[in-house]
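Where a number appears in this text, it was derived from the coordinates with a stated rule and is not lab data. Predicted model, so just to flag it, every value in this text is computed and none were measured. All Cβ positions, glycine included, derive from the backbone under ideal geometry; neighbour counts span all protein chains shown.
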Amino acid sequence: MSLSRWIPPLALLLSLGCGESRTLEGRWTGTDEGGNGMTFVFEEDGRAEWILEPNMPGTTMPPETIRMAYVTDPSAEPATIDFSDFDFEPLQGTTTYGIYEFTGEESFRIDLEPAGPGQDASVRPDSFSAETVTFTRAGSGE
């Protein structure tokens, strides 16, 4: 058996990306079940922005931008994400625990649970619920 026989299949696997090569870094847009627009902007340095665009007929509320830190564990099943260090006063000093999953090359879904005083990561969702929001990479056309 020749080693050269395995080179083309191995090259194909590497080009498709073995393991978790997708990243959350970048700009993602989604809409929750209430029609509220949301954008996540994940930076390489572990900081993120969460831009909320309320859908409230008859009102003109400006978007709210919340800045925060994030940490992911893509090796967990499902992958986990934690948000903390919020610049938005009601969330300061808290952590929001979540799970996420890539649903395509340019999309992922996320389910979050904010922790109240004295709560820890045990409040993290263990499965996706009706409150799960799917995001698409901005500019992907998907």
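As a size descriptor, the averaged projected area of the C-alpha convex hull of region 22-137 was calculated at 7.5 nm². Here the dipole of region 22-137 is about 180 debye; that uses its Cα centre as origin and unit charges on the Cβ of Lys and Arg (positive) and Asp and Glu (negative). Quick check for you: which residues of region 24-51 have the amide N under 18 Å from the point 7 Å beyond the Cα of residue 138 toward its beta carbon? Residues 24-32, 36-51 fall inside that zone. Applying both filters, DSSP loop and at most 14 other Cβ atoms within 10 Å, to the chymotrypsin sites (Phe, Trp or Tyr not before Pro) of region 68-142 gives 88. Compared with the alpha-carbon gap, the fully stretched path from residue 127 to residue 55 is longer by 23.3 nm at 0.36 nm per residue.
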